[in-house]
Structures are given as structure tokens and as C-alpha cells.
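Computed from the coordinates by the stated procedures, all read-outs in this text should not be read as laboratory data. A quick note: this is a predicted structure, and the numbers were derived from the prediction, not measured. Glycine gets a Cβ as well: all are built from the backbone with ideal geometry, and neighbour counts include every protein chain shown.
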Amino acid sequence: MKTKITPVVTLLLYFCAFFLFSSQKNAPEKPSSNWVNPFPKDGLGKSYSITPNDLPDNQQLFNIKKNKIEVLYAWKGDEAPFGMITTNKEYSHFNFELEYKWGERKFAPRLEAKRDAGIVFHIKGEKVVWPTCLECQIQEGDTGDLWVIKGPKVNWFQKDGSTLLLDSSGEKDYLEGDKYSNHEVDGWNKVRVEVRGSKSAKFFENGQLVNELKDFLNADGTPLGKGNIALQAEGSEIIYRNIRIQEVK
């Protein structure tokens with residue numbers, strides 16, 4: 001015996017399917033993991049790498065202490081190379097947080113410049129200084145500035161709300177999006193970077209939204225949806241602490 005589907009039943013089935021699709025589409029993001037430190041002290045050679053790795057004897061750019069990384073505090077001399085500590089794991093959808101505080105010493109070739117550092121993500125290719133990546137700048141007075149480095153293309157939200165394509169795949173290797181407002185305070189400052197694959201990223205300092213970008217592409221036009229994460233050493237003493245990452249579905 002065949003069951004006859006009436007127009008009323010058909011309409012009810014339609015609305016049920018519509019609401020089910022809508023609830024799935026608008027479902028909130030769910031963390032796929034707890035917060036973890038991507039640079040653990042006991043993970044040398046396993047969870048991260050340091051560039052450059054050919055420093056003079058008894059010299060180090062990064063001193064890892066549990067969930068704290070001291071940059072250039074142990075450095076001897078007036079000049080220091082730039083470098084980075086990079087996760088070996090690639091990340092795509094994530095929230096990344098840390099606190100930073102500037103030290104006293106600066107080194108050539110940035111002896112007379114602002115204290116500078118940064119968080120770089122979606123690193124692709126060889127881990128050199130500096131690699132193909134996107135950067136949330138950490139710098140005196142303008143933390144949260146955007147840098148697009150050596151290849152990627154992104155749509156950057158300007159101060160008036162419009163978007164501007166920043167394309168570093170051509171003649172200019174480094175492009176800046178400086179939407180920032182200065183939220184830095186003396187002492188410890190908190191930075192949060194929210195990245196959603198190739199779709200979007202937001203930079204926060206001390207709880208304030210500073211910068212926003214979307215639609216990340218590689219130089220060949222394919223989506224730039226994941227990569228390694230690194231912290232920079234750029235000629236100034238700085239401490240990073242309470243470093244943690246949470247992957248998001």
C-alpha cells in the first residue's frame with residue numbers, strides 16, 4: 001500500500017529541511033581542541049624550529065622557559081641578526097594569543113628604530129627570514145599593523161570600511177595595511193589573532209579590534225588556507241608569555 005503525501009505534509013517537510021539547513025549554516029564555531037602552547041620548552045626539534053640555526057657559539061636569539069620566550073636577552077654584542085621561532089605544525093582555523101613586554105636593549109641594524117617584532121602565520125615554503133607569510137605586527141605604538149610578505153594577496157579592510165587588494169606577488173615583496181589604533185600600554189600587552197583558513201583574520205590588542213583582512217590567495221591565485229606560525233626577533237629585547245593556540249572547527 002502506497003502512502004499518499006498531501007500538500008500539507010510536503011509543506012511541513014520543506015520547512016523542516018529549511019530550518020535544519022539554517023541551523024547548521026548558522027551554527028556557532030566549536031573549538032576542536034583545548035588551548036595549548038605551540039612552543040613547549042621540551043619540544044626542541046619536535047614542535048618548532050629556530051631560524052637562523054648557524055649562530056656563533058654561546059649566542060642565542062630565543063630562550064625558552066616553560067610558557068615564556070625571552071628574545072635577545074642573552075645576546076652579546078651590539079649587532080644581532082633577525083630571526084624567528086616557527087611551529088613545525090601547520091595551522092588553518094585557530095585563535096592565537098600571547099602577551100608581550102619590551103626590554104631595554106636594542107641592536108643594530110635597528111638601533112635607532114622603534115622596537116619591533118611580530119606574529120607571522122600561514123608561512124609557506126622555505127623557513128627563511130623573512131618567508132612567504134602574513135604578519136600581525138608587534139611594534140612600539142602600532143601593534144596590530146598588517147604586513148603581506150613575499151607572494152600572498154589579501155583584501156584588507158581600510159579605515160572607512162572599504163577593502164583594498166594588497167598583492168605582494170609582484171614587484172613589491174612587502175605591503176603594509178596600517179589600520180591600527182594605538183592600544184599599547186606600558187608593561188604587558190595582550191595580542192589575539194583569529195584566523196579562519198583562507199577566509200578571514202582579525203588582530204586584537206588588549207581586547208580592541210585593530211585590523212581585519214579576508215580572502216587570502218597564493219601568488220598563483222589558489223587559496224592560502226594554512227601554514228606555520230612564527231614569532232619574530234627583530235633587533236629588540238622582548239618577552240612573549242602565556243603563548244597559546246586553540247584550533248577551531
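A few remarks follow.
- Pairwise centroid distance, computed over Cα atoms, of region 108-177 with region 58-106, Å: 18 Å
- Taking the longest Cα principal axis of the chain as reference, the axis of helix 7-25 is set at about 0 degrees.
- The modelled label-to-label distance for the pair Leu55/Asn206, using points 7 Å beyond Cα in the direction of Cβ, is 3.0 nm.
- Within the same chain, aspartates and glutamates fewer than 8 places from Lys179 are excluded, and of the rest, those with a Cα less than 13 Å from its Cα are Asp142, Asp145, Asp160, Glu205, Glu212.
- Modelled this way, with points 7 Å down the Cα-to-C-beta line, the labels at Glu176 and Leu164 are 1.2 nm from one another.
- Estimated FRET transfer efficiency (Val129, Asn34; beta-carbon r; R0 41 Å; 0.05): 0.80
- Cleavage-rule hits, chymotrypsin sites (Phe, Trp or Tyr not before Pro), region 87-196, DSSP coil, Cβ neighbours within 10 Å at most 16: Trp188
- Within straight-line cross-link reach of Lys172, lysines at Cα separation under 18 Å, skipping those fewer than 8 residues along the same chain: Lys124, Lys150, Lys153
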